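Enquirer: Take a look at the following structure, please.
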Amino acid sequence: MTLLAIGVNYNTTPLAIRERLALSTEHLSAALIDLRKKSGISEIAILSTCNRTEFYCRLNCDNQQIIIDWITNHSNLPQDEITPYLYCHTGPELIRHMFRVACGLDSMIIGEPQILGQMKTAYHAAYEAGTLGKQLGKLFQHTFSAAKKVRTDTAIGSSPVSVAFAAVRLAQKIFDNLNQQTAILIGAGETIELTARHLHQQKIGQIIVANRTYDKAHNLAAQFDGYAITLAELPIHLAKADIIISSTASQLPILGKGGFESAIKKRKHKPIFIADLAVPRDIEPEVSQLEDIYLYTVDDLQYAIDENLGARRQAAEQAEEIINTQVENFLSWMRSQGAQSTITDFRQQAEQIRAEVVNNARIALKNGTDPERVIEQLAHLLTNKLLHTPSIQIRQAGINERHDLIAAARELFKLTKTNQIK
């Protein structure tokens, strides 16, 4: 039996290849069931994200070509175009790889938290499809425990490393809490969507999305219980904003100093936090000259992000130490499973002997034999039968000068020096 991980990721493989190997959530179950039918595969799970596609499996043989052939057929790419990009991990390196992936140590952004949720999705998909067994299922559980310990015992996920997250964290430093604040988000692209998500998670009081195209603004705002306006309506709503975060593709500033002067007067000088994440800038630089305006550009935030990445790298070193310990814990569990079948066989043999001796004792009692004599015979027979085979094997080991077996027997039965014949 071999545990194996084979796949591609953003480090090894160009996007053009990765997207051919990617599996959507709705196709995952069918892929798992199809792979499980292949001769030689006893357990299988698939992790598929925009940055990686990995197959975790337990094989009845050492032939990883089974997986490679399936990947080739699925992607409709010649094998020689795929194999140069594939990596393969077995044994301790497979365990370490899964732990590192779940902890975000193998991610494009160190410590990003989304990958753990994606790993759990892979686990549940395999569980629902019936393609998980004892070993792979246990490995996933250990993976989640390792990730939890890293998140709990290190600061790997505590520092923001995206401009959207950094902007929200900075706003939290200016306002004690966000549930009484109104945020105007300008734009409707990926950065603004991520910003809206972070603000929503922090229970922001109100979200207003402003965009050149109203429908895009409405679709985004509706996800977070907000409402939409057009860019032309911005001056009317500016005074409502405690927080403004902007990220558009405009080549010219959208808001200038005059508009904010009016807004500050209407607000009676309540502060406004502004994060201009656009390049070129959406907010005129002169706005920063106004009192009660806190204007930050993407460069200001980038400095904080670089510092935070440094902190995450330090935390990653601690995480690697935790993972080393967790890998050894799982290897210990696997080694114990190797002895389990022997323990089971030994117990079954002892149980058969016990049943035979007890049955003889019952017959003797029915025939009127004195109970005390029956008990003595039962104990004597049980002891003799249990010790008969080990005694013969130890005696034969002595004849063959197998001192290693004799020493092992002494260790197994915990025999002390005082038990030896002098």
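Enquirer: Restricting to region 270-305, give me the number of residues that are in contact (Cβ under 8 Å) with a residue 60 or more places away in the chain and assigned to a strand (DSSP E or B). Explain how you work it out, then say what you get.
Expert: Going residue by residue through region 270-305, those that are in contact (Cβ under 8 Å) with a residue 60 or more places away in the chain are 271, 273, 275, 277-278, 282, 294, 296, 298, 301-302, 304-305.
Pick out the ones that are also assigned to a strand (DSSP E or B) and you get 273, 275, 294, 296.
Residues flagged as in contact (Cβ under 8 Å) with a residue 60 or more places away in the chain and assigned to a strand (DSSP E or B) within region 270-305 amount to 4.
Enquirer: Further question on the same structure: Residues in region 237-252 that are of a type in the set (S, T, N, Q) and surrounded by fewer than 20 Cβ atoms within 10 Å (Cβ to Cβ): how many?
Expert: 2
Enquirer: Could you count how many residues in region 332-381 are aromatic (F, W, Y) and out of contact with any Lys or Arg (no Cβ under 9 Å at 6 or more places or on another chain)? Break it down into steps so the answer makes sense when it comes.
Expert: Looking only at region 332-381, we keep the residues that are aromatic (F, W, Y), and these are 333, 346.
Applying the additional criterion that residues be out of contact with any Lys or Arg (no Cβ under 9 Å at 6 or more places or on another chain) yields 346.
Qualifying residue count for the region: 1.
Enquirer: Given the conditions (1) at pLDDT 90 or above; (2) surrounded by 14 or more Cβ atoms within 10 Å (Cβ to Cβ); (3) part of a helix (DSSP H, G or I), which single one is not true for R18?
Expert: If we test R18 against (1) at pLDDT 90 or above; (2) surrounded by 14 or more Cβ atoms within 10 Å (Cβ to Cβ); (3) part of a helix (DSSP H, G or I), just (1) comes out false.
Enquirer: Which count do you get for residues in region 18-57 that are among the polar types (S, T, N, Q) and more than 16 Å from the chain's Cα centre (by Cα)? Before you say what the answer is, go through the steps one by one.
Expert: Residues of region 18-57 that are among the polar types (S, T, N, Q), as a first pass: 24-25, 29, 39, 42, 48-49, 51, 53.
With more than 16 Å from the chain's Cα centre (by Cα) added as a condition, the list becomes 24-25, 29, 39, 42.
Selection size over region 18-57: 5.
Enquirer: If the requirement is being of a type in the set (D, E) and in a helix (DSSP H, G or I), which of these qualifies: E43, E54, E112, E81?
Expert: Being of a type in the set (D, E) and in a helix (DSSP H, G or I) holds for just one of E43, E54, E112, E81, which is E81.
Enquirer: All but one of (1) surrounded by fewer than 24 Cβ atoms within 10 Å (Cβ to Cβ); (2) within 23 Å of L309 (Cβ to Cβ); (3) of a type outside the set (G, A, S); (4) not assigned by TED's automatic domain parsing to the domain that holds I293 hold for V150; which doesn't?
Expert: (1)
Enquirer: For I323, are the conditions met, namely being within 24 Å of the chain's Cα centre (by Cα), in a helix (DSSP H, G or I) and modelled with pLDDT of 85 or more? Outline the logic, then answer.
Expert: Working: within 24 Å of the chain's Cα centre (by Cα): yes; in a helix (DSSP H, G or I): yes; modelled with pLDDT of 85 or more: yes.
Yes, satisfied.
Enquirer: Right, something else. Which numbered condition trips up D34, out of (1) without any contact (Cβ under 8 Å) to a residue 60 or more places away in the chain; (2) out of contact with any helix residue (DSSP H, G or I) (no Cβ under 9 Å at 6 or more places or on another chain)?
Expert: (2)
The values are calculated or read from the model by the stated rules, or taken from the named source; none is laboratory data. For clarity, every value in this text was computed on a predicted model and none was experimentally measured. Note: ideal-geometry Cβ built from the backbone for every residue, glycine included; neighbour counts use all protein chains shown.
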